[in-house]
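Engineer: First the structure, then my questions, so here it is.
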Amino acid sequence: MAGRRVNVNVGVLGHIDSGKTALARALSTTASTAAFDKQPQSRERGITLDLGFSCFSVPLPARLQPGLPLRPPPGTAPAAAAAAAVTATAETQTEAEAGLLQFTLVDCPGHASLIRTIIGGAQIIDLMMLVIDVTKGMQTQSAECLVIGQIACQKLIVVLNKIDLLAEEKRQAAIDKMTKKMQKTLENTKFRGSPIIPVAAKPGGPEAPETETPQGISELIELLKSQASIPTRDPSGPFLMAVDHCFSIKGQGTVMTGTILSGSVSLGDSVEIPALKVVKKVKSMQMFHTPVTSAMQGDRLGICVTQFDPKLLERGLVCTPESLHTIHAAIVSVKKIPYFRGALQTKAKFHITVGHETVMGRVMFFSPAPDEFDCEPLEETFNFEKEYLYQEQYLSKDSSTVEDDKKSDQPVEKWPKQQWALLEFEKPVTCPKLCLVIGSKLDTDIHANTCRLAFHGMMLQGLEDKNYTETFLPKLKVYKLKHKEGHVERVIDDYGVIGRSLFKKETNIQIFVGLKVHLSSGECGIIESGFGQSGKFKIRIPDGLNPDTKKLLTTTTTKKRAKAGKGDVSKEDEVCSKADPAQHITISLYFKRYVFDAQKRMVQSP
Ligand SMILES: Nc1nc2c(ncn2[C@@H]2O[C@H](COP(=O)(O)OP(=O)(O)OP(=O)(O)O)[C@@H](O)[C@H]2O)c(=O)[nH]1
Ligand SMILES: [Mg+2]
């Protein structure tokens, strides 16, 4: 096991100026090329503009070493067995043999305008440190980071920074108070019960001498050690790396540094830069200044290639040739982010982060057909065989207004277990087949103090064909349920009535001929033809009218005729349009219309 190195990626996220970079600096011993606001613009503005990477290592804790019994052998008391195992390791292994636990810190920017970078950073981490300025508590971007963490990350540590700013005599009380507050905030998240730790990453602030020792850092390292688990890494599948920096080294070539998102890579492999459609051979590789011959998922890596201008690529993806697809639209599963205020409307535009790219896109939400609301969600596939119901907006408890409830006979109480969206991008985007999708309203005023992240989900199907509206969308069986209502005007005979108010005068009734309708008096009918010029129509009742219906209709019609004068059709119309409670036999027409059916057919269930 000598030299074994386990890498854990730790994100440092939080509101602007909470002290993320100071914390990463305090934690790190080995800084990689891009750490600590090395960009000149970053230095000038005093804010982090890009992801910063640095790392530090500790001896691999015994509990993470392979070979130790995870469960005590039968018949041994658990505590004794664990203690025996730990002692055995300590006695028989030197530090080098035990291996190293390397923490790669991903220092994210805090500025609201850089949220795309933050989302990208969050997708490569195993554990998130949420840095909170203890004197300020949760701020807008701390909340957004918490949302992103819940979507992209499994574990959290809350770091209360700048405790040196608290008056000494009240310090502990203030820390306790903020700890309680944070516990309460986490209560409603998947990070309930996560550890909260106080530190001062840069006591005294920017003017303080570098010699000022940070506080609470060794406790934080112990906490990180105890929270770290060996991430499950999978070397199989296509290689994909998120590149965050690209630069040239004289006499060597061009180096792209980044984090491997999936698969593995070896010296001599061909890799593609899909944004530029170029393929290059891997000439050499390094992990934190150490040459390596292969690397896999989760590793931080620098790849050196030749004859490639670093100016062409600043951030982006490198992958196994042809393993990514460039898509114009996508079908994704969606979940609304509860903190997002307002409804998610179909046809609205959102900033859509697909994997590591963000583009503008228009959405259309749809749900299962009502009788399938209870179906268990399909996590990674989309079933094209099924029919889906178009939604004007994402269905959620907070989107049903009182008005909606009034409109329907019963208040809606059922919610589908899964909903989807069709996303249509303003420009094509290159991404892995199954990747995270986040929809946000980044044009919201950053001072508005609201969560800009609106929904998240998984990409289930990318549409590569530019002409997808013609070639692909007709396969997507999303329908709108249409409902039209009219009234029976009069009886023709035992098997027929004339209806009105279902169509407009200019409607081509011919296309509705043959559709089923229901009368509120219980009969079923079929639209047979138009009648006259004012949008009226004939309905055939195959089973005949009920005697009661006929009686009711005959009496009201006779009354009206008497009033209106014989044969005066226009006057009769006038009278009929006035409400007559006796004549309120309504005609209901229900049909489905598939959103992507070019012929706009009307379909009724058998
Ligand atoms: N007093 C005090 N000041 C601190 C502490 N940590 C950081 N600061 C100061 O807070 C300011 C912001 O620190 P940074 O580390 O740049 O904050 P950041 O969160 O990385 O900022 P962005 O990346 O721009 O979002 C700097 O002036 C730091 O010197 C601390 O523990 N105590
Ligand atoms: Mg910073």
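The values are calculated or read from the model by the stated rules, or taken from the named source; none is laboratory data. What you see is a predicted model; the values in this text were computed from it and never measured. For neighbour counting, all protein chains shown are included, and Cβ atoms are generated from backbone atoms with ideal geometry for every residue, glycine included. The accessibility values were calculated without ligands, DNA or RNA, using every heavy atom of the protein model including side chains. Shrake-Rupley method; radii C 1.70, N 1.55, O 1.52, S 1.80 Å.
Engineer: Considering Val199, Val158, which residue is within 29 Å of Pro61 (Cα to Cα), under 37 Å from the mean Cα position of the chain (by Cα) and free of Cβ contacts under 8 Å to residues at least 40 places away in the same chain?
Structural biologist: On inspection, the qualifying residue turns out to be Val158.
Engineer: Residue check: is Ile148 in contact (Cβ under 8 Å) with a residue 60 or more places away in the chain, open to solvent by less than 20 Å² (accessible area, probe 1.4 Å), within 11 Å of ligand 1 (Cβ to nearest atom) and aliphatic (A, V, I, L, M)?
Structural biologist: The answer is no for Ile148.
Engineer: I would also like to ask the following. Give me a count of the residues in segment 493-504 that are open to solvent by 100 Å² or more (accessible area, probe 1.4 Å) and over 46 Å from the mean Cα position of the chain (by Cα).
Structural biologist: Count: 1.
Engineer: Could you list, in sequence order, the residues of segment 517-548 that are within 17 Å of Tyr590 (Cβ to Cβ), of a type outside the set (A, V, I, L, M) and surrounded by fewer than 16 Cβ atoms within 10 Å (Cβ to Cβ)?
Structural biologist: His518, Ser520, Gly522, Cys524
Engineer: Assess whether Ser218 counts as being under 17 Å from Phe103 (Cα atoms), under 35 Å from the mean Cα position of the chain (by Cα), among the polar types (S, T, N, Q) and open to solvent by 40 Å² or more (accessible area, probe 1.4 Å).
Structural biologist: No; evaluated as a whole, the condition is false for this residue.
Engineer: So which strands (runs of 3 or more DSSP E) stay within segment 303-370 end to end and still have 1 or more residues that are open to solvent by less than 10 Å² (accessible area, probe 1.4 Å) and among the polar types (S, T, N, Q)?
Structural biologist: 349-354, 357-368
Engineer: Here is a follow-up. Those residues that are over 11 Å from Ala421 (Cβ atoms) and among the aliphatic types (A, V, I, L, M), I need them from segment 330-367; list them, please.
Structural biologist: Residues satisfying the conditions are Ile337, Ala343, Val354, Val359, Met360.
Engineer: Something else: Answer yes if at least one residue in segment 181-194 is modelled with pLDDT of 95 or more, within 16 Å of ligand 2 (Cβ to nearest atom) and aliphatic (A, V, I, L, M), and no otherwise.
Structural biologist: no
Engineer: Are there any pairs with C-beta distances below 8 angstrom linking a residue in segment 204-215 that is free of Cβ contacts under 8 Å to residues at least 40 places away in the same chain to a residue that is more than 16 Å from ligand 2 (Cβ to nearest atom) and in a loop (DSSP other than H, G, I, E, B), with the two at least 6 apart or on different chains, and if so which?
Structural biologist: Qualifying pairs under 8 Å: Glu212/Pro203; Glu212/Gly204; Thr213/Pro203.
Engineer: Within segment 190-210, is there a residue that is away from ligand 1 (no atom under 14 Å from the Cβ), of a type outside the set (Gly, Ala, Ser) and in a helix (DSSP H, G or I)?
Structural biologist: The answer is no, given that none of the residues of segment 190-210 is away from ligand 1 (no atom under 14 Å from the Cβ), of a type outside the set (Gly, Ala, Ser) and in a helix (DSSP H, G or I).
Engineer: Here's something else I'd like to know. Please go through segment 103-118 and give me each residue that is under 17 Å from Asp443 (Cβ atoms) and near ligand 1 (Cβ under 8 Å from one of its atoms), ordered by number.
Structural biologist: His111
Engineer: Of all residues in segment 216-237 being in a helix (DSSP H, G or I) and of a type in the set (Val, Ile, Thr), which is nearest to Ser294 (Cα to Cα)?
Structural biologist: Checking each candidate, the answer is Ile221.
Engineer: Residues being open to solvent by 60 Å² or more (accessible area, probe 1.4 Å) and closer than 19 Å to Leu378 by Cα: count how many of those fall in segment 423-442.
Structural biologist: 2
Engineer: Which residue is farthest from the chain's Cα centre (by Cα), if the candidates are limited to segment 21-59 and must be at pLDDT 80 or above and either open to solvent by 10 Å² or more (accessible area, probe 1.4 Å) or assigned by the TED database to the domain that holds Leu261 (or both)?
Structural biologist: Among residues in segment 21-59 that are at pLDDT 80 or above and either open to solvent by 10 Å² or more (accessible area, probe 1.4 Å) or assigned by the TED database to the domain that holds Leu261 (or both), the one farthest from the chain's Cα centre (by Cα) is Pro59.
Engineer: Then there is this: Which residues, taken from segment 5-28, are within 11 Å of ligand 2 (Cβ to nearest atom) and part of a strand (DSSP E or B)?
Structural biologist: Within segment 5-28, Val12, Leu13, Gly14 meet the criteria.
Engineer: Pick from segment 255-293 the residues that are of a type in the set (Lys, Arg) and over 31 Å from the mean Cα position of the chain (by Cα): which of them is surrounded by the most Cβ atoms within 10 Å (Cβ to Cβ)?
Structural biologist: Across segment 255-293, the extreme among qualifying residues is Lys280.
Engineer: Can I ask one more? If you scan segment 443-478, which residues turn out to be in a loop (DSSP other than H, G, I, E, B), farther than 26 Å from Glu272 by Cβ and either open to solvent by 30 Å² or more (accessible area, probe 1.4 Å) or not hydrophobic (A, V, I, L, M, F, W, C) (or both)?
Structural biologist: Asp443, Thr444, Asp445, Ile446, His447, Ala448, Asn449, Thr450, Arg452, Lys477
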